[in-house]
Structure formats: C-alpha cells, structure tokens
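The values are calculated or read from the model by the stated rules, or taken from the named source; none is laboratory data. On a predicted model such as this, the values are computed, not experimentally measured, just so you know. A quick note on method: Cβ atoms are made from the backbone with ideal geometry, for glycine too, and the neighbour counts reach across all protein chains shown. Accessible surface is based on the protein model in full, side chains and every heavy atom, while ligands, DNA and RNA are left aside. Shrake-Rupley method; radii C 1.70, N 1.55, O 1.52, S 1.80 Å.
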Amino acid sequence: MAQSIPGGLTPQSRDAIREAALTLTSELSLPILLNRIVGLAREMSGARYAALGIPDPTSSHLVQFITSGMTDEALSKMDGLPVGEGLLGELLKPDAKPIRTANIAEHPASAGFGPHHPHMTDKIGADEFTEYDQVLIETLAAYAAVAIENARLHQRMQRLAILEERERIGMDLHDGVIQSIYAVGLMLDHARYLLKSGDTESVDGRIQEAIDGLNTTIKDIRNYILDLRPSRLQGKDLRSALRVLMHEFQVNTLADVDLNYSNEVNGRLNEQTSTTAFLTI
C-alpha cells in the first residue's frame, strides 16, 4: 500500500520519512515494531518523550502503552501508565482529529496526571511543537499504520503455519511413537498374564522385549527431536534461527520477548557450532 508524502515537508524530512518507512515495513515482529515507531517519532519531532497507545477494540481503554525517552526509574515512580482518559480519550473517539497544544495540563480535556508524571509538552530546543512537527508525525503515523497491519498479518500467518505444523507432528507421533508405546503396553500386559498363569520362564522374555521396545522408542523420539530442531536452522544463520524461535514463542504465549544478539557472533561460528548452540536453547 503506497502512501504519498505531503509536499510541505523539506527534502531532508522526505528522505527521513522514506527511510523510516523502509525501516518500519521491513520489521515483522510487532513488539519490536511498536517500540521502533515510538523511537522514530521522538527522534524526528525533536521530542523529549514519545508514546504510543494501543486501544482495546471492544472498549475505550488502552491495552498497551509504549514510551520512549523515559528511564525505568521515572516509569517506576508513576502511579500507573495511561489507560485512555483525558486527551488520550479524545484521540480514541471515532471522529477524533490530531491535537497539538502548548500545555497539555491547561487543555480542557486534560486529566489523569499524577504527582510524578513528567512534563509532556517538551520539545527539545523550543517552547512548543509546530504545525510542521504535526505534519511530520501524521505522515509517519500513516506509514506506521501500514507497517502494524503488515506485522499483524504476518503474525496471523505464522500462527496458522504453527497450527499446521502441530497437526503434522501430531499425526507423525500417532503413526509412529504412540503405536510403539502401545505395543510395549501389550507386551507388559502379556507378561502379567504369564506371571499369573505360572509361566515364569516366559515372563523374563516378554519383559526384555518390552524394555527393548522402550529403548527403541526413546531412540526414535530423540532422533525425531534432533531432526526437527536442526532443520529449522538450515539455510539460516544463528541469529535468524533464534528470531524464528522467538517469534514462534511470542505467537504461542503473546509475551513480549527481546533478542539481544551481536552481529559479530555470526562470523565466528561455523555450522556445527551454530547447530549445537541452537540445540541448547
């Protein structure tokens, strides 16, 4: 989906917007994308702080609030993150329009500022944000909306792929491993029957067959796991494989996960070492 860049922006801002758009649309991890959007908005507008609120589609409250520029210490002192009241509530209305004010606290709709809440209208090097800043952020927001939808679509496709993979694994387990375990159960059941009937000489043989069957099944399971996990590393470096693993975990748990990885590591690991590292995760 193409977005046109307003003609009122300077050539430098247009270049920055294009670069930001490429950065956003190339990121498919939604948590990383949201943090990147907030960081770009703060950087491009010269703001001391920036924030992004994700509304609940079934209510008028925020379900997620991402900030940039605030330290962990400052965040911990606040009574709680905004939930969608005051000016944020105005922006969540269906007919909402952008709001730019020199002093948020003096706006008629302002509400919800606790004693440790930072001064929010704080543009570095200026008294207030300009109309130009507003156009810049609105343009970035248009690209961000496309990038968010793209990331959500990718997330849904990943979830579908994982469900299909689970179904395939379930069928493989049923056709192989589970049937083998069932056969071991029959052997043990037969051994119990022989023991009750007094045929103790045959009992040892049936128990040994059951033990051998279990050992074979254990080997099959181990080979199955070892074959499954390294195959996800084929064609990828360790960082890419770990990102895939992280995305799958996020899809299944909806947890926020960050991957801290030095790009210099890839050049120092051969394929065997990367596979061994991946198997330990």
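Within segment 124-147, the set of residues being acidic (D, E), in contact with a Ser or Thr (Cβ under 7 Å, 6 or more places away or on another chain) and open to solvent by 30 Å² or more (accessible area, probe 1.4 Å) comprises just one member, E128. Among the residues of segment 78-105, those that are modelled with pLDDT under 80 and either open to solvent by 60 Å² or more (accessible area, probe 1.4 Å) or polar (S, T, N, Q) (or both) comprise D79, L81, V83, E85, A105.
Of note, I137 does not satisfy the criterion of being part of a strand (DSSP E or B) and within 30 Å of the chain's Cα centre (by Cα). Screening segment 1-98 for helices (runs of 4 or more DSSP H) wholly inside it with 2 or more residues that are on the phi > 0 side of the Ramachandran plot and β-branched (V, I, T) returns no ranges. Pairing each residue of segment 49-60 that is in contact (Cβ under 8 Å) with a residue 40 or more places away in the chain with any residue that is open to solvent by less than 40 Å² (accessible area, probe 1.4 Å) and in a strand (DSSP E or B), provided the two are 6+ apart or on different chains, yields C-beta distances under 8 Å for Y49/T67; Y49/S68. Considering only segment 164-208, state which residues are charged (D, E, K, R), within 34 Å of the chain's Cα centre (by Cα) and open to solvent by 90 Å² or more (accessible area, probe 1.4 Å). Matches in segment 164-208: E164, R166, E167, R168, D175.
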